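Notes to accompany the following structure.
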Amino acid sequence: MNAFASSLSGVKTPGSARPLQIGPLVVDPPVVLAPMAGVTNYPFRKICREFGAPLCVSEMVLASGVSRPNAETSMKTSFGEDEHPRSIQLYGVDPRTLSEATKRLVEDGKVDHIDLNFGCPMKKVTSKGGGAAICVKPKLLARLVRSVASSSQGVPVTAKFRAGIDASLSTFLDAGRACEAEGCVAVGLHARTAEMLYAGQADWSNIAELVNALSIPVLGNGDIFRGSDARKMMDQTGCAGVIIGRGCLGYPWLFREIESSLKGHDVPLNPTLGEVREVILRHVQLALEWSSTWTEEKYLIRSLRKVIKWYLTGYSIPSVVMGQLMSADSFTELSWYLHTLDDRQCPPSEGDRKPRTVKKEFYQKVKIPASYLLTRDDDQLPGKDAEGDASCG
Ligand SMILES: Cc1cc2nc3c(=O)[nH]c(=O)nc-3n(C[C@H](O)[C@H](O)[C@H](O)COP(=O)(O)O)c2cc1C
C-alpha cells in the first residue's frame, strides 16, 4: 500500500509516525519520557536522551514549592547545561500559586515546556479533592489550566490525566476538552482509572476516543514495554505520540527500540550484561556529579540500589554478587562487583519486560469529597490540603 492509500484507509505503515509538534517544540520521534517521582531527575533524563528520548519530563514539582523553593524543590527543578528542551511537571490546586510558579519558571529561563499533573490517584490527595479528582469538575480543571496557560508567555503547556475515577465515573473526555479550550497544546492520557492505580491493563480504546474528540495532539500512555507496543498503540488509537513510564525503568534501550519500530527498522538486540554494566556505571557517575553538593556518595549509592536492580532484571546474577551490589557504599565498590559479572551474558530471548516498579498493582477504592458529585459544574477550589504531594499519575 502506498503512503496515500494508507492515509486514506487510516492504516499506518511502518515509518509513518510523524514528529510530534508541541507548540513550538518538535518532538522526533514522537516519544516522551513520563514524569516519574524519584526517577526522572537529570541523570536519568540524560541517559534516556542518549537512547533517543527527545522530550524528558522532570519529576513533579509543587507550584507552592516553586514560589518558595527549598533544597528538594531546587534539586527537582535543576536541569543540565546541555539539557534542551527543558520540561517540568507542575501540580497545584490554587490558580494564583500556579500562575506565580509558571511566571517564575519562565522568567528565570528555566523551562521550555510545562506539563500539568491531574492524574494522582492517591487517597490522601483525591479525598481532599486534588489529583485525579480535579477532573471530576471540568470547570475547576479549566480554571487551573487557564492560570498556567495565561502566564506561560508562549512556553507550551500540556496536561496529563487518567481515564477517570473508576469504571462508573469516566472523566477523560471532559478533561481533554477543558484542557484544549484553555490553551493546552497537547494532552497525555494514562488510560487507567484512579481505581486501577497501576494494576490491570490500560484501556487504549480511551486514547482512541480522546483522539477523536480533540483537535490537539493526544499522547497515549500505559503499558508500553517494547518497541512494537508503541507502534501498536499509535496504530490502534491514532495518537500523535506516546509517553513511556515503567517500561524504561532500568531499560532506557526501550527508546532505541521504539524509534526503530516506528521507522520500520529491525529492532536492536537486547543489551548484553557488559552493555548494561556500562550504562549503570554511567548513570551512577552522572548522579554523583549532579548530587555532589547536597549528598554524600554513600547515601547517593544507597538511594540508587533499586535502580541498579531494575537494570539487572532478567539477567542471571549470582545471589552473592547481588548481595555485594546491594551493600556497596561507593562507586569503586559497585564498579568492582559489576566487573565480576560475565560481560557476554544476554538476557533471556525476550528479556524481562515486566513493569519494574514498586508502585501499587492492585485496585483501590477511590475517595473523593462527597460534594464533588453534587457540584460537578462549579469551579470552586479545593482546600490547600488537596495539594498533598501528588507525585504520581
Ligand atoms: C515511580 C513512578 C513515579 C511516578 N510519578 C509520576 C508523577 O510524578 N507524575 C505523573 O504524572 N505521573 C507519575 N507516574 C505515572 C507515570 O507517569 C505513567 O503515567 C504511568 O506509570 C503509566 O505509564 P506506564 O504504563 O508506561 O508505566 C509515576 C509512575 C511511576 C512508576
Using protein chains only and a probe of 1.4 angstrom, how many square angstrom of THR340 are accessible, to the nearest 10? 80 Å²
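Stokes-Einstein diffusion coefficient for the chain at 10 °C in a medium of 1.306 mPa s, Rh from the Kirkwood formula over Cα pairs: what value in µm²/s? The partial results should precede the final answer.
On the way: Rh = 21.5 Å.
The diffusion coefficient I find is 74 µm²/s.
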Residues whose modelled amide H sits under 5 Å from the amide H of VAL242, counting only those 5 or more places away in sequence or on another chain, are VAL31, VAL32, GLY220
Quick check on the chain: of the DSSP beta bridges with both residues there, what percent are antiparallel, nearest 5%? 15 percent
Which value, in Å² rounded to 10, gives the accessible area of GLU195 with a 1.4 Å probe and all protein chains present? 50 Å²
Looking at the chain as a GNM with Cα springs under 10 Å, which of ARG302, ARG256, ARG226 has the largest mean-square fluctuation? ARG302
So how far, in whole Å, is the C-alpha centre of the stretch 212-241 from the one of the stretch 271-296? 31 Å
Residues whose modelled amide H sits under 5 Å from the amide H of SER58, counting only those 5 or more places away in sequence or on another chain, are SER87, ILE88, GLN89
Which value results when the Cα radius of gyration for the stretch 273-338 is divided by 2.2 N^0.38 Å? 1.05
Span from the the stretch 85-115 Cα centroid across to the the stretch 119-183 one, whole angstrom: 16 Å
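Ignoring ligands, DNA and RNA, what percent of the accessible area of the stretch 60-211 is carbon or sulfur (1.4 Å)? Don't skip to the answer; put the middle values down first.
Numbers: 2360 of 5070 Å².
That share works out to 46 percent.
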Hey, what do the phi angles of the stretch 20-31 turn into as Karplus ³J(HN,Hα) couplings, whole Hz, using 6.51/-1.76/1.60 and θ = phi - 60°, x for Gly and Pro? 8, 9, 10, x, x, 8, 9, 10, 9, x, x, 9
Long-range amide H partners of ILE22 with built H, under 5 Å: VAL27
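Evaluate E = 1/(1 + (r/R0)^6) for SER335 and ARG18, where r is the Cβ-Cβ distance and R0 equals 41 Å; express this FRET efficiency to the nearest 0.05. Walk me through the intermediate numbers first.
On the way: r = 42 Å, r/R0 = 1.03.
Efficiency, from the Cβ-Cβ distance: 0.45.
Give the carbon-plus-sulfur fraction of the accessible surface of the stretch 273-338 in %, rounded to a whole number; probe 1.4 Å, heavy atoms of protein chains only. Walk me through the numbers on the way to the answer.
On the way: 1750 of 3190 Å².
Of all accessible area on the stretch 273-338, carbon and sulfur atoms account for 55 percent.
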In a Gaussian network model over the chain where Cα atoms closer than 10 Å are linked, find which of GLN89, GLN201, GLN236 has the largest mean-square fluctuation. GLN201
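Over the stretch 130-219, what is the mean sequence separation of C-alpha contacts under 8 Å (at least six apart), divided by residue count, expressed as relative contact order in percent? Walk me through the numbers before you get to the answer.
Numbers: 146 pairs, mean separation 26.3, N = 90.
29 percent.
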What number, in percent, do you get for the relative contact order of the stretch 273-338 if the mean sequence gap of Cα pairs under 8 Å and at least 6 apart is divided by its residue count? 40 percent
Note, the stretch 176-191: 3J(HN,Hα) by Karplus (6.51, -1.76, 1.60, θ = phi - 60°), whole Hz, Gly/Pro = x, goes x, 5, 5, 5, 4, 5, 8, x, 5, 8, 6, 10, x, 10, 7, 7
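Mind putting a number on the dipole of the stretch 273-338 about its Cα centre? Charges go on the C-beta only, +1 for Lys and Arg and -1 for Asp and Glu, and I need it in Debye to the nearest 20.
On the way: 7 positive and 7 negative charges, 51 e Å.
The dipole magnitude comes to about 240 debye.
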Work out from phi, with θ = phi - 60° and the Karplus expression 6.51 cos²θ - 1.76 cosθ + 1.60, the ³J(HN,Hα) of each residue of the stretch 137-150, listed in order in whole Hz, and give x for Gly and Pro. 10, x, 6, 5, 4, 4, 5, 5, 4, 4, 4, 7, 4, 7
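Suppose all protein chains stay in the model; what accessible area per residue would a 1.4 Å probe give for the chain, in Å²? Mind showing how you got there, number by number?
Numbers: 16480 Å² over 393 residues.
Per residue, the chain has 42 Å² of solvent-accessible surface.
Of all the Cα-Cα pairs you can form in the stretch 196-282, what percent are over 16 Å apart? Show your work: numbers first, answer last.
Details: 2141 of 3741 pairs.
Every Cα pair in the stretch 196-282 considered, those over 16 Å come to 57 percent.
Rounded to the nearest 500, what is the chain's calculated 222 nm mean residue ellipticity when only DSSP H runs of at least 4 contribute -39500 (n - 2.57) each, over all residues?
Details: 17 runs with 153 residues, N = 393.
The helix contribution divided over the chain gives -11000 deg cm²/dmol.
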Label model pair ASP379, LYS365: point-to-point distance (7 angstrom along the Cα→beta-carbon line) in nm is 3.4 nm
With an 8 Å Cα cut-off and a minimum separation of 6 or more residues, compute the relative contact order for the chain in percent. 21 percent
Loop by DSSP (not H, G, I, E, B), at most 16 other beta-carbon atoms within 10 Å: where is the longest site-free stretch of the chain for chymotrypsin sites (Phe, Trp or Tyr not before Pro)? 1-293
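The values are calculated or read from the model by the stated rules, or taken from the named source; none is laboratory data. Being a predicted model, the structure only gives us computed values, none of them experimental. Please note: Cβ atoms are built from the backbone with ideal geometry, for glycine as well, and neighbour counts cover all protein chains shown. For accessibility, only protein heavy atoms count, side chains too; no ligands or nucleic acids. Shrake-Rupley method; radii C 1.70, N 1.55, O 1.52, S 1.80 Å.
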